[in-house]
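Every read-out reported here was derived from the displayed coordinates using simple, explicitly stated rules and does not represent laboratory data. Source: prediction; values computed, not measured. All Cβ positions, glycine included, derive from the backbone under ideal geometry; neighbour counts span all protein chains shown.
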Amino acid sequence: MSTKQKLLALGLSSALATTGLFVAKHEGLVLGTYVDPVGIITSCYGHVDKSLKLGQKFTQDECLETLAKDLSKHNSQLISVIRVPISEQEHAAYLSFHYNVGTGNFKSSTLLRKLNKGDRVGACNELTRWVYAKGRKLQGLVNRRSDEKNLCLSGIKQL
């Protein structure tokens, strides 16, 4: 069974499962805990939880279940603050971004302000500004934001 099929079996919609593949590609899979570039204990596909401890191990199925729950939670938070219609591609790009930067950063971002004012292109372009972690430009974030921006802009023609 493919990763997308497993995410669908865990109850995600097709759109969220597709976003899950995008997130998984950029987060990578670690079957345990590790310290991310900004010093946060993290597991699986970039999962963050204060209860995580270094040295924990997880199976791939446990990581997929966690990813599914995380995506659902982040999606609910995301759609609660977006006030304009967006395409599926924009939604996927913003959900990936939200998953990575968190609710607080998303809610206070210029990106969200531009989006909710109807500046969909300007909002997509904001994604590439978020490539720093603790003041250091990270190539992984540069790559991810470029992919998110391209996905986001591809959806502009959809509405």
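Past the 19 Å Cα-Cα mark, which pairs from LYS25/LYS69; LYS114/LYS149; LYS25/LYS134; LYS25/LYS149; LYS114/LYS157?
LYS25/LYS134
At THR103 and SER146, where each label point lies 7 Å from the Cα along Cα→Cβ, what is the point-to-point distance in nanometres?
The modelled label-to-label distance comes out at 3.3 nm.
State the Kirkwood hydrodynamic radius of region 1-55 in Å, one decimal place, computed from all pairs of distinct Cα atoms.
Roughly 12.1 Å, rounded to one decimal.
When the dipole is taken about the Cα centre of the chain, and only Lys, Arg (+1) and Asp, Glu (-1) are charged at their Cβ, what size is it in debye, to the nearest 20?
Here the size comes out at about 520 debye.
Which label marks the calculated value of Cα extents along the principal axes in Å, given the options (i) 45, 38, 25; (ii) 43, 39, 30; (iii) 43, 31, 29?
Given (i) 45, 38, 25; (ii) 43, 39, 30; (iii) 43, 31, 29, the calculated one carries the label (i).
Please compute the modelled spin-label separation between VAL121 and THR59, points set 7 Å along Cα→Cβ, answer in nm with one decimal.
Spacing of the two 7 Å Cα→Cβ label points: 5.0 nm.
Just to check I understand the Karplus step: with θ = phi - 60° and J = 6.51 cos²θ - 1.76 cosθ + 1.60, what whole-Hz values come out for region 141-155, glycine and proline as x?
3J(HN,Hα) across region 141-155, in whole Hz: 6, 4, 5, 4, 5, 4, 5, 4, 4, 5, 4, 4, 5, 5, x.
Whole angstrom only: what separates the Cα centroid of region 91-135 from the Cα centroid of region 24-76?
Between the Cα centres of region 91-135 and region 24-76 lies a distance of 21 Å.
In nm, what is the difference between 0.36 nm times the number of residues separating VAL48 and TYR132 and their Cα-Cα distance?
In short, 28.4 nm is gained.
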